[in-house]
Amino acid sequence: MKRATAPAPRLRLETPVTYLKGVGPMRAEALKRMGVETAGDLLYHIPHRYEDASTVSAIASLETGMQGTIIGRVISKGILPTRKGLRVFQAVVKDDSGMIEVSWPGQPFLDRTVDKGDMLLVSGLVRFFHGRQLVPREFVNLGEDDAGTAKGRVLSVYPATEGLSVRVLRGIIEAHLDELLPFVTEYLPRDVLRQAAVVSIGDALRMVHRPSSLAEALEGRARLAFEELLFVQLLQLRAKALSRDVRHGIHFQNRRDLTTRLREVLPFALTGAQMRVLREIFVDMCSDRRMQRLLQGDVGSGKTVVALFAAMLALENGYQAAIMAPTELLAEQHFHSMSKLLAPLQIEPMLVTGSLKTRARREVASRLAEATPALVVGTHALVQEATEFSNLGLAVVDEQHRFGVEQRKALGAKGESPDVLLMTATPIPRSLALTLYGDLDLSLLDERPPGRQPITTALRPESARERVLQFVDREVGQGRQAYVVYPVIEESEKSDLKAATTMFDVLSNGAFKERRTALLHGRLPSDDKDEIMRRFRDGAIDVLVATTVIEVGIDVANATVMLIEHPERFGLSQLHQLRGRVGRGADASYCILLGSVSPDTRQRLDVFVGSEDGFEIARADLRLRGMGDLFGERQSGVPTFRVADPLRDELLNEQAREAADKLLAIDPELAMPEHAALRQVMGARYARSIELFRVG
Ligand code: ADP
Ligand code: MG
């Protein structure tokens with residue numbers, strides 16, 4: 001390990017990591033990327049999993065069919081191609097008793113991080129494949145000489161990064177743990193700790209970093225998860241309380257004028273769920289409290305028409321209503337469908353998008369400047385300066401998770417406290433929703449309009465490629481349209497883009513030679529994207545080769561096939577959103593996942609193949625992949641959890657909610673001296689704390 005040259009000053013929690021033994025400028029840089037800048041931050045860099053090295057077997061004793069854990073040295077390694085085109089990383093690992101081949105299918109990149117001479121801890125299934133072979137479920141690279149210390153212990157595995165391996169990180173933390181722990185003082189009130197039955201912070205940190213058993217590691221983790229959930233609950237409850245107190249909303253009257261007429265001209269009857277949700281919304285709008293409501297409903301559950309009724313209530317009270325959508329295309333789609341529905345009511349909605357000509361825009365502006373009732377549909381152009389409302393009464397944000405917090409807020413700020421309705425098709429379980437959106441009220445559309453065709457979903461292996469493509473071509477030959485989707489790979493978007501692009505060439509010159517094809521991806525200018533989607537909607541394109549940009553809200557009834565390549569690359573909820581693009585008309589529809597996948601992936605995908613229930617799928621997704629994947633980078637406003645998982649930690653979450661309720665009941669601003677430490681820790685961790693509690 002490299003040593004810092006300057007003599008280290010006496011260590012404190014605030015000491016920058018550069019002063020720590022074993023941390024030079026490069027490693028400090030890497031640590032910083034992971035949010036670790038001080039010695040104290042290092043303590044809160046928590047292992048994301050553990051390896052139980054307390055039950056290590058001798059390699060010679062492993063038998064085919066058993067699960068085993070071994071520690072051994074890599075004596076040779078390499079990448080093997082297989083007939084199916086999968087690349088396999090293989091290493092031969094040896095201990096005092098013998099050696100075994102370890103095989104990682106589909107992970108050739110491991111060749112860069114696993115070196116000859118490294119000690120590996122590997123656990124997994126022993127199978128027979130030209131001899132005994134170990135297929136790792138988990139493994140840890142212990143480096144060159146860590147075997148002695150690892151044996152008999154529970155090993156902490158830390159989130160690592162480029163230039164800073166798990167091994168080095170573990171070494172740095174291990175070296176300073178005893179020195180740092182005495183500085184940590186408790187910041188949660190004693191009552192809270194007792195009621196939730198979690199350990200003190202000092203104990204917890206010791207337990208997670210250096211557990212004597214897996215059970216102990218979990219106990220430490222529970223405390224850290226609990227405090228995270230508690231903090232978020234405190235912030236949410238406080239935000240909710242503040243918005244209640246401060247903002248008085250508009251007091252609408254249910255005049256049953258436009259809303260009743262809309263109901264009469266609607267070509268279908270509202271579902272029970274739509275009626276229930278509308279009652280919830282109307283109660284909010286007709287109270288003098290400001291509505292801040294999140295409407296969740298699976299793809300196709302009919303959220304748009306709910307928004308339209310709410311808009312009619314605003315209009316019949318003399319107010320203006322705005323509906324904001326994330327893309328021009330979606331805005332146009334809403335505009336067209338609403339124009340049609342509202343024609344008998346002599347209401348003409350307006351459309352505001354970035355590509356609106358100056359003259360048209362001026363016209364809209366002048367209509368909005370008059371204090372007359374009006375319905376505007378648009379993109380984020382709605383929140384730009386040029387769009388001024390004289391009396392905005394209702395702001396609706398469709399597919400709200402596609403917007404940043406600022407944009408969402410900006411629409412609500414366009415009038416004098418208009419009521420706000422946020423809509424989303426990312427279904428999340430209620431307990432999770434309460435944590436993420438604790439400052440909103442929730443409505444749920446949990447029923448689908450009747451008469452939908454079920455969508456046939458299937459997973460097909462690579463060997464069926466030709467047949468699958470022929471099938472798609474036949475569907476197109478009968479006048480239908482198809483989507484072919486490729487993943488956006490986060491780590492290397494470039495190569496992914498090439499995949500979509502190259503496959504577009506392959507398909508448009510091969511399987512779909514006779515068809516009108518187009519390529520759609522996120523790097524295209526948005527004008528081009530919208531233009532392509534428009535042509536697809538109008539039937540001028542048969543096969544659309546795309547990335548996930550088509551995910552949001554698009555309604556093309558004639559599209560009946562969704563073909564998804566590399567399905568293993570997608571989250572289940574994302575697949576569900578993609579599938580929601582078909583099955584919108586009267587014809588039978590298909591969602592085909594194409595690719596040869598590992599047995600684990602297959603199991604995961606089977607949940608999706610076997611269910612059309614977005615909530616069930618989201619639950620499975622959360623269980624399997626955690627929160628990050630469900631929300632992706634755009635959910636910037638949502639507090640993220642480093643330790644807690646509000647879904648898995650449901651009980652802790654409830655306890656946290658109760659504790660937060662109690663705390664704020666006694667001390668709504670956390671202003672009491674005994675809560676100063678708590679306030680300070682929250683202030684340091686969550687920027688939002690500053691605006692909600694007077695932190696200082
Ligand atoms: P989403 O919730 O995904 O936004 P939409 O609002 O786009 O769903 O509705 C999907 C389709 O279902 C639209 O064509 C809409 O007209 C139709 N729809 C909505 N409500 C009903 C209903 N109660 N009965 C029949 N069709 C409905
Ligand atoms: Mg929608």
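The values are calculated or read from the model by the stated rules, or taken from the named source; none is laboratory data. Being a predicted model, the structure only gives us computed values, none of them experimental. Note that each Cβ is placed from the backbone with ideal geometry, even for glycine, and that neighbours are counted across all protein chains shown. In case anyone asks, the SASA skips ligands and DNA or RNA and just uses the protein heavy atoms, side chains included. Shrake-Rupley method; radii C 1.70, N 1.55, O 1.52, S 1.80 Å.
Some values worked out for this structure:
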quantity: Structure-based [θ]222 nm, the chain - -39500 (n - 2.57) summed over DSSP H runs of at least 4, per residue, nearest 500; calculated: -12000 deg cm²/dmol
quantity: Estimated inter-spin distance, K357 and Q680, nm [label 7 Å along Cα→Cβ]; calculated: 6.4 nm
quantity: Model label zone, A413; criterion: amide N under 17 Å from point 7 Å along Cα-to-beta-carbon; scope segment 369-385; calculated: 380-385
quantity: Low-density loop cleavage sites - trypsin sites (Lys or Arg not before Pro) in segment 94-132, where at most 16 other Cβ are within 10 Å (DSSP); calculated: K116
quantity: Mean Cα-pair separation over length for segment 50-157, i.e. relative contact order, pairs under 8 Å, 6 or more apart, %; calculated: 33 percent
quantity: Per residue accessible area in Å² of segment 455-611, where ligands, DNA and RNA are left out and the probe is 1.4 Å; calculated: 43 Å²
quantity: Per-residue ³J(HN,Hα) for segment 18-34, Karplus 6.51 cos²θ - 1.76 cosθ + 1.60, θ = phi - 60°, Hz, x for Gly and Pro; calculated: 4, 7, 7, 4, x, 10, x, x, 5, 5, 4, 4, 5, 4, 4, 4, 9
quantity: Extension gain, D528 back to M99 (0.36 nm per residue minus Cα-Cα distance, nm); calculated: 148.7 nm
quantity: Distance (nanometres) between label positions extended 7 Å along Cα→Cβ at K116 and M672; calculated: 6.7 nm
quantity: Cβ-Cβ FRET estimate between V506 and A58, R0 fixed at 51 Å, reported to 0.05; calculated: 0.50
quantity: Residues whose placed amide H lies under 5 Å from that of V154, excluding near-sequence neighbours; calculated: A53
quantity: Distance in nm between pseudo-label sites at V88 and H48 (7 Å out along the Cβ direction from Cα); calculated: 2.7 nm
quantity: For segment 261-274, Karplus couplings with θ = phi - 60° (6.51, -1.76, 1.60), whole Hz, Gly/Pro x; calculated: 5, 4, 4, 5, 8, 4, x, 9, 8, 5, 6, x, 5, 4
quantity: Along each principal axis, Cα extent of the chain, largest first, Å; calculated: 85, 72, 44
quantity: Cut-off 17 Å (backbone N to label point 7 Å along Cα→Cβ of Q253), residues of segment 316-348; calculated: 316-320
quantity: Potential lengthening between E616 and R276 on full extension [0.36 nm per residue; Cα-Cα distance subtracted]; calculated: 120.2 nm
quantity: Solvent-accessible heavy-atom area per residue, rounded to whole Å², over segment 95-145 at 1.4 Å; calculated: 52 Å²
quantity: For L563, distant residues with modelled amide H under 5 Å away; calculated: Y483, V484, V485, I592
quantity: Å² per residue, accessible surface of segment 259-362 at 1.4 Å; calculated: 39 Å²
quantity: Mean separation of Cα contacts under 8 Å (6+ apart) over length of the chain, as relative contact order %; calculated: 12 percent
quantity: Amide H partners (placed H, <5 Å) of L142, local residues excluded; calculated: M119, L120, L121
quantity: Segment 455-611 shape via C-alpha gyration tensor axes, a/c threshold 1.5; calculated: rounded
quantity: Cα pair distances in segment 50-157, grouped into 5 Å bins until the bin that holds the longest one, percent each; calculated: 2, 13, 25, 26, 20, 10, 3, 1, 0
quantity: Residue-by-residue Karplus 3J(HN,Hα) for segment 314-330, coefficients 6.51, -1.76, 1.60, Hz, glycine and proline x; calculated: 5, 5, 6, 9, x, 9, 9, 10, 10, 10, 10, 10, x, 10, 4, 4, 5
quantity: The chain - percent of accessible surface contributed by carbon and sulfur, probe 1.4 Å; calculated: 51 percent
